[in-house]
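Written out below as C-alpha cells is the structure these notes cover.
The values are calculated or read from the model by the stated rules, or taken from the named source; none is laboratory data. In this text the structure is predicted, and so the values were computed from the model without any measurement. With ideal geometry, Cβ positions are generated from the backbone for all residues, glycine too; neighbour counts draw on all protein chains shown. Surface accessibility is based on the protein's heavy atoms, side chains included, excluding ligands, DNA and RNA. Shrake-Rupley method; radii C 1.70, N 1.55, O 1.52, S 1.80 Å.
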Amino acid sequence: MSIKRALTIAGSAAQGSAGIQADLKTFQERDVYGMAAITAIVANNPVTGKGIFIHSTEQIEAQYYAAVEHVGVDVIKTGMLFSEEIIELVVELLAKAPTKNIIVDPVMIGKMGSQLLQDDAIEVMIEKLFPLATIITPNLHEAARILNIEKIKSVDEMVQAAKKLHRLGPKYVLVKGGSSLNATDILYDGEVCLEFKAELIDTIHTSGAGCSYSAAIAAEIAKGKSVKDSVELGKQFITMAINHALSFDKGIGSTYHAALRKYG
Ligand code: PXL
C-alpha cells in the first residue's frame, strides 16, 4: 500500500474542531490514512455545556487492535488519555506497537474548560509514556504543569522548559508558544534548539489548533519526513488553518483544516 497510515488514540470532540475529529481531518488533508481509537466522548460546546463519557480500557484496546492488526500503522498519535488506567494501557500497547513513530500531545484542558486529564494521571504520563515518544508537543500551560513551575513567560523560558522536558525521555520536545508568546515554538532534540515563528493572527477561533498541529506533524513523520521538516510543515498547516478559522454562532470557533489546500 502506498499511502501511509496514522492512528490517533484520543477523545472525540463532538463539535468537530478538536480531538479525533481534528486529527482525522488533518490526516486526510496531509494524505495519510486516518484511524482512531476513541478514549472518551467529549460532548461540550459554548451553548449547551459539558458532558464527558470515558471509555473502558477494554473498549480502547479492542479499537486499537481492530485498526492496527487489520490495516497496519506508520505513526501513532496520542491526545486526551484522561486517566492513569488508560495511560497504563496505552503504554502497554505502544511498547509492542509495529511502529516507533509516536507523537504524544499531553492534552490537559480543553479550550472550553473541560478537564481532559486527571491530576493524578500526570505522573504516569511523564514516567512511562514520555520515554516512548518520538516527540512530545506541550503548549505553555501543559509544559508548566509537567515541570511543576508556575508560568512560562518568555521565549528564553520556553528554551529552558524544552531542555528540562527533554530529560524526561522523549527524542524531541516541541513547546508551542501559541498566541501568548507570539506564535513562536521551540524544538529541542537534546543538542540543538530551533525556533519556529509565524505571524500572530488576531482571532479567538482557535479550538483544535493544538490537536491539529500535532496531527499534521504526525502525518509528515509517517511519510518519512525528518522531525524538523515535519514541524515546519505542521506549522505552515496550522498557521493557515488559524488564519482562515471558522466562527460559529457563539463562543470559540474552529481552525479550518482545509485552509492550506484551498488558499495556500
Ligand atoms: O483541544 C484539546 C482537546 C483534545 N481532545 C478533545 C477535546 C479537546 C478540547 O475540547 O474535546 C477530545
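Here are the numbers for this structure:
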read-out: Accessible-area composition of the stretch 189-264, carbon plus sulfur, in percent [1.4 Å probe]; value: 50 percent
read-out: Contour minus Cα-Cα distance for residue 48 and residue 100 (0.36 nm per residue); value: 14.7 nm
read-out: Global geometry of the stretch 183-243, whether rounded, prolate or oblate, following the gyration tensor of its Cα atoms and the 1.5 cut on a/c; value: oblate
read-out: Residue 223 accessible area, assembled protein chains, probe 1.4 Å, Å²; value: 80 Å²
read-out: Spacing of the two label points (7 Å from each Cα toward its C-beta) at residue 14 and residue 127, in nm; value: 3.6 nm
read-out: Flagged links, alpha-carbon separation over 29 Å, of 25/228; 96/197; 128/262; 153/225; value: 96/197; 128/262; 153/225
read-out: Label-point separation in nm, residue 263 to residue 160, each point 7 Å along Cα→Cβ; value: 3.8 nm
read-out: Whole-percent carbon and sulfur share, accessible surface of the stretch 1-47, 1.4 Å; value: 51 percent
read-out: Most positive-pole-ward Cα, 22, 144, 233, against dipole of the chain from beta carbon charges; value: 233
read-out: Accessible area per residue, Å², the stretch 5-263 with all protein chains present, probe 1.4 Å; value: 43 Å²
read-out: Residue 150-residue 28 pseudo-label distance in nm [points 7 Å out on the Cα-to-Cβ vector]; value: 4.5 nm
read-out: Within the chain, helix-based [θ] at 222 nm, where runs of 4 or more DSSP H residues each add -39,500 (n - 2.57), nearest 500; value: -11000 deg cm²/dmol
read-out: Largest-first principal axis extents, alpha carbons of the chain, Å; value: 45, 42, 40
read-out: Heavy-atom accessible area order for 145, 167, 5, 261, largest first, 1.4 Å probe; value: 167, 261, 145, 5
read-out: Under-5 Å amide H pairs with residue 109, H placed in peptide plane, nonlocal only; value: 116
read-out: Cα-centred dipole magnitude for the chain, charges only on beta-carbon of K, R (+1) and D, E (-1), debye, nearest 20; value: 620 debye
read-out: Order of exposure, largest accessible area first, which applies to 154, 2 with probe 1.4 Å; value: 2, 154
